Amino acid sequence: MIREIRLRRAHIELVSPFRTSFGVETARELLYLEVHGDGITGWGECVAMSEPMYSSEFVDGCEAMLRRFLLPLVTPTTTAEQFTEVARQFRGHYMAKAVLETALLDHQLRAQGVSLGTFLGATKARVPSGVSVGIQPTIDDLLRVVQGYLDDGYLRIKLKIEPGFDVEPVRAVRRAFGDELLLQVDANSAYAISDAEHLAQLDQFNLLLIEQPLPEEQVASHADLARVVRTPICLDESILSVEVAREALDIGACSIINIKPGRVGGYLEAKKIHDLCYERGVAVWCGGMLETGIGRAANLALAAMPGFTLPGDTSASARYFHRDVTTPFVLRDGHLDVPTGPGIGCDPDLAYLDSITSRVDTVLIAG
Ligand code: OSB
Ligand code: MG
């Protein structure tokens with residue numbers, strides 16, 4: 001039985017600033033939910049950023065959504081599946097829904113002694129790691145940063161791009177590291193359909209994919225773009241549900257999907273998108289939102305499903321934080337191990353987590 005849910009706010013610095021076409025992140029404002037009951041704690045980490053720059057969601061907005069609309073849906077016996085169904089009455093707010101669904105799912109799986117990987121149908125014990133490289137001040141800086149990640153053993157490089165930092169940086173990375181390097185780019189919706197010919201210049205670099213070149217709402221324009229650009233289009237921001245995924249694939253807006261559970265309302269919806277793509281032979285990979293160990297553990301379970309055939313943005317703890325809130329995830333031969341314990345399979349170091357926590361509020365679950 002669920003007795004209470006704690007909402008914890010915390011703060012953690014990033015090891016280096018992460019610049020994208022939408023802004024610069026130097027720290028993560030964190031929101032965790034803890035579902036308590038029967039001596040078990042289920043954990044969820046909210047992926048929303050401090051400001052609504054990647055998407056319309058932001059962490060204080062998620063907290064408001066949770067307090068006012070989502071937490072009141074939970075009773076002592078609510079399952080993750082039931083929560084997700086009743087939460088459909090509220091439009092949007094995927095990241096807020098996802099953190100609560102995940103904490104409920106972790107709680108119930110821990111009670112059953114079943115790992116999230118087993119629950120989802122994971123088939124791998126470890127997953128290949130890629131790394132997302134922020135926009136750098138100069139191309140020389142970029143080459144140095146990429147070299148460092150390759151030295152660490154990362155198996156795939158994703159370059160963040162924006163107008164003015166695209167063709168030349170990609171050319172330089174290809175030239176420096178060779179044709180064998182698994183390389184892709186992410187624009188975070190910084191371009192317009194009128195940039196189609198410009199983006200087609202990226203075709204010469206044999207990229208795995210171009211991620212979210214156009215705005216979130218312009219799904220159909222991505223289909224137009226895909227007729228001009230030969231490099232596969234992958235959608236991130238636009239894919240908010242399995243229904244959007246199906247429509248995007250049907251019209252040819254993308255041929256690859258970046259699955260982020262937080263962006264689609266949780267792991268249950270993420271699994272549906274995986275299953276759809278798997279059935280259609282469409283490659284998927286697991287994105288990231290600069291998660292700490294709690295969110296990362298759950299993403300690894302997802303990334304171990306059979307349809308995740310491209311390396312994800314599931315990087316090691318050290319790529320983000322000087323000290324993670326869980327036992328750090330470390331790269332071995334370019335891979336991260338999928339946790340095997342019940343639920344998400346790992347626990348935070350509570351003393352350390354408390355030291356970076358600004359506030360914990362307890363919501364009693366009335367029975
Ligand atoms: O677009 O994939 C993205 C980080 C924050 C918000 C959006 C994105 C990203 C990343 C980094 O690319 C992924 C990660 O390493 O967690
Ligand atoms: Mg992206």
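The values are calculated or read from the model by the stated rules, or taken from the named source; none is laboratory data. Computed from a predicted structure; not experimentally measured. Ideal geometry is used to build each Cβ from the backbone, glycine not excepted, and the neighbour counts take in all protein chains shown.
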Does the stretch 171-189 contain any residue that is touching a Pro at 6+ places or on another chain (Cβ under 8 Å), touching a residue at least 60 places away in the same chain (Cβ under 8 Å) and within 19 Å of R227 (Cα to Cα)? yes
Residue under question is E13, and the condition is that it be touching a residue at least 60 places away in the same chain (Cβ under 8 Å) and crowded, with 17+ Cβ neighbours inside 10 Å; does it hold? no
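Quick grid of which residues meet (1) in contact with a Ser or Thr (Cβ under 9 Å, 6 or more places away or on another chain); (2) in contact (Cβ under 8 Å) with a residue 24 or more places away in the chain; (3) away from ligand 2 (no atom under 14 Å from the Cβ); (4) closer than 24 Å to G148 by Cβ:
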| position | (1), (2), (3), (4) |
| --- | --- |
| L199 | yes, yes, yes, no |
| Q212 | yes, yes, no, no |
| P232 | yes, yes, yes, no |
| S241 | no, yes, yes, no |
| L249 | yes, yes, yes, no |
| I257 | no, yes, no, no |
For T362, are the conditions met, namely being assigned to a loop (DSSP other than H, G, I, E, B), more than 16 Å from ligand 2 (Cβ to nearest atom) and either over 17 Å from the mean Cα position of the chain (by Cα) or outside the structural domain of G121 (by TED's automatic domain parsing) (or both)? no
Has the stretch 29-48 got any residue that is within 16 Å of ligand 1 (Cβ to nearest atom), without any contact (Cβ under 8 Å) to a residue 24 or more places away in the chain and in contact with a Gly (Cβ under 8 Å, 6 or more places away or on another chain)? no
Which of the residues belonging to the stretch 216-230 are outside any loop (DSSP other than H, G, I, E, B) and either of a type outside the set (A, V, I, L, M) or within 14 Å of ligand 2 (Cβ to nearest atom) (or both)? S221, H222, D224
